[in-house]
Amino acid sequence: MTRKNSSTSWRKADNVASRPWAGSVREYDLLKELTIGVVVVGLLVLGISAFFGSPDEPSVSLKGWATAAPSDFVATAAKELGGTSDTAGYGPPYNSTPDASQKIGPVDLQSLSGVRLPVDTANDLVIAPLETLPSPPAAIADWTAATDQQRADWTAAYSDALSAAPDNDPAKVADGDYGPVPALTGALLEMARQGNLDGVLKVGGNFYNMDYTRSLLFLGDGSYFPDLAASQHLTGDQWGVMNETGDTPGQSWLWLFSLLYQVEPFKSSPNADALVVVTMLVLTALLTLLPFIPGLRSLPRKIPLHRLIWRDYYRNR
């Protein structure tokens, strides 16, 4: 059987791919170029690494926080007890706080998966860790026996007293009816200073445990950890998504994520995270489907940048 129509081959079609190369030609030794490239780039990497080093910031721990900023630690522990911290009102996946989730119009994306990682800040971050001590403080019994309203009154009064104390020092708090709150927060501070709280807040029960959820939530509720982030230019309004600790450049390919957080309506929206995620999904879909979208797929022909890049070839065309 013979092929009746062989003109359908792209090699014989009248298009750019079928034309012979008319530009300049020179010999090219691929192995030589590869060897030179690897050696030169390798020497540059080693030299620059030896001169500049790499970011090696020490990890932030609850022990370090309790040692460096005990007043902030105690104030945050009081908020956790009173349910007034950011984590306590975050919403899914940690709790079901009403109207706390981010939405896109009427669609509540944050609540779609439900409360998958339930966190009771008072119990999980304060009471339960203290109960693991060889001699748990007697104040736990007073806290457990109190009503929800009494606990709220105690923690609110103690938080206000801490704010009014000189340097927010717990030792300088004025006398008042704070119930067991000072004893509980003081015991937790000492537990953290000894390095025991970091291990207790890790959940899972495995020998190797990489779940730092509760530790990070506790750290994030205070001022110490966010202040460290701000000093390293890692916050959202500092293009923090694409920054690295210190002055070392970070992930430049994340510039688009960071850009969206700097412009309106994302910048001031309470639903900024959800808006950024949805926007990136739409842009990614457009890029993925570009070859199938009429109009968009013709842009390279209408904006012939390729002719500038391959100008030697197109000079005589």
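Assorted remarks:
- Calculated FRET value between GLU244 and LEU31, using beta carbons and R₀ = 25 Å, to 0.05: 0.10
- Read-out Cα Rg over 2.2 N^0.38 Å, derived from the coordinates shown; its label in [x] 1.65; [y] 1.02; [z] 1.53: [z]
- Rolling a 1.4 Å probe over the protein heavy atoms of the chain, with every protein chain left in place, gives an accessible area that is 59 percent carbon and sulfur.
- Lysine pair count for the chain with Cα-Cα distance under 29 Å and sequence separation of 8 or more or different chains is 10.
- Peptides 88-94, 235-241 ordered by average Cβ neighbours within 10 Å, highest first: 88-94, 235-241
- A simple packing score, the average count of other Cβ atoms within 10 Å per residue, orders the peptides 111-117, 76-82 as 76-82, 111-117, with the highest score first.
- Placing TRP65, TRP253, TRP310 in order of accessible area, with the largest value first and a 1.4 Å probe, yields TRP253, TRP310, TRP65.
- Placing ILE293, ILE303 in order of accessible area, with the largest value first and a 1.4 Å probe, yields ILE303, ILE293.
- Under-5 Å amide H pairs with ILE104, H placed in peptide plane, nonlocal only: LEU109
- Mean projection of the Cα convex hull over all viewing directions, computed for the range 231-271: 2.9 nm².
- In the context of the full protein assembly, VAL107 retains an accessible surface of approximately 70 Å², using a probe radius of 1.4 Å and ignoring ligands and nucleic acids.
- Unit charges at the beta carbon, dipole of the chain: most positive-side option, PRO180, ALA145, PRO129: PRO129
- Label zone at ALA141, where the point sits 7 Å out along the Cα-to-Cβ direction: the range 173-187 residues whose backbone N lies under 15 Å: 180
- Per residue, in Å², the accessible surface of the chain once ligands and nucleic acids are set aside, probe 1.4 Å: 67 Å²
- When +1 charges are put on Lys and Arg Cβ atoms and -1 charges on Asp and Glu Cβ atoms, the dipole computed for the chain relative to its Cα centre reaches about 3500 debye.
- In summary, the helical segments of the chain meeting the span-like criteria, namely a full DSSP H run, a Cα extent along the axis of 20 angstrom or more and a mean Kyte-Doolittle hydropathy of at least 1.6, are 30-52, 272-288.
- Alpha-carbon Rg with Dmax, taken over the range 122-208, Å: 14.2, 45
- Across the chain, Cα pairs under 8 Å and at least six residues apart give a relative contact order of 17 percent.
The values are calculated or read from the model by the stated rules, or taken from the named source; none is laboratory data. What you see is a predicted model, and the numbers here were worked out from it, not measured in a lab. Cβ atoms come from the backbone with ideal geometry, glycine included; neighbour counts cover every protein chain shown. All accessible areas refer to the heavy atoms of the entire protein, side chains included, with ligands and DNA or RNA removed. Shrake-Rupley method; radii C 1.70, N 1.55, O 1.52, S 1.80 Å.
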